[in-house]
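The values are calculated or read from the model by the stated rules, or taken from the named source; none is laboratory data. Owing to the predicted nature of the structure, the values given are computational and were not obtained by experimental measurement. We place every Cβ from the backbone using ideal geometry, glycine too, and count neighbours over all the protein chains shown.
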Amino acid sequence: MDIIYIKSLSIETVVGLYDWERKIKQNIIFDIEMATDIRRAAASDDIKDTTNYKSISKRLIQFVGDSRYQLVETMAEDCAQLILSEFSVPWVKITLNKIGALRGAKDVGIIIERGSKP
């Protein structure tokens, strides 16, 4: 199993329970790991034979940017399902960081894994 990853993808969106959070956009930081097999792409040197992280990144920016979740848990779950279904990835790990959500803490967030590792 090989892993393609995206680190520190920052996306502005509306997320949160409180009234003030529903009126502003906040930065959510994503770290994403995806299982893949790079051997075919390595042999062909062709982008069509690999998991295209640029396409995944653009899709997540659009999807999350247009969303209005209350919970980061729901956001992470929907993002994982989107990656698994739209990009034929068998396994994904998402670390979602809601910077500034807790006074005194540098980072607050969740980590989820979905699918199965080959």
*So which residues in the range 90-108 are at pLDDT 95 or above and within 17 Å of residue 60 (Cβ to Cβ)?*
91, 92, 93, 94, 95, 96, 97
*Residues being farther than 17 Å from residue 99 by Cβ and at pLDDT 95 or above - total across the range 69-78*: 3
*If only one of 31, 66, 19, 46 is in contact with a Ser or Thr (Cβ under 6 Å, 6 or more places away or on another chain) and among the acidic types (Asp, Glu), which one is it?*
31
*Residue by residue through the range 8-33, note down the ones that are over 15 Å from residue 109 (Cα atoms) and under 10 Å from the mean Cα position of the chain (by Cα).*
33
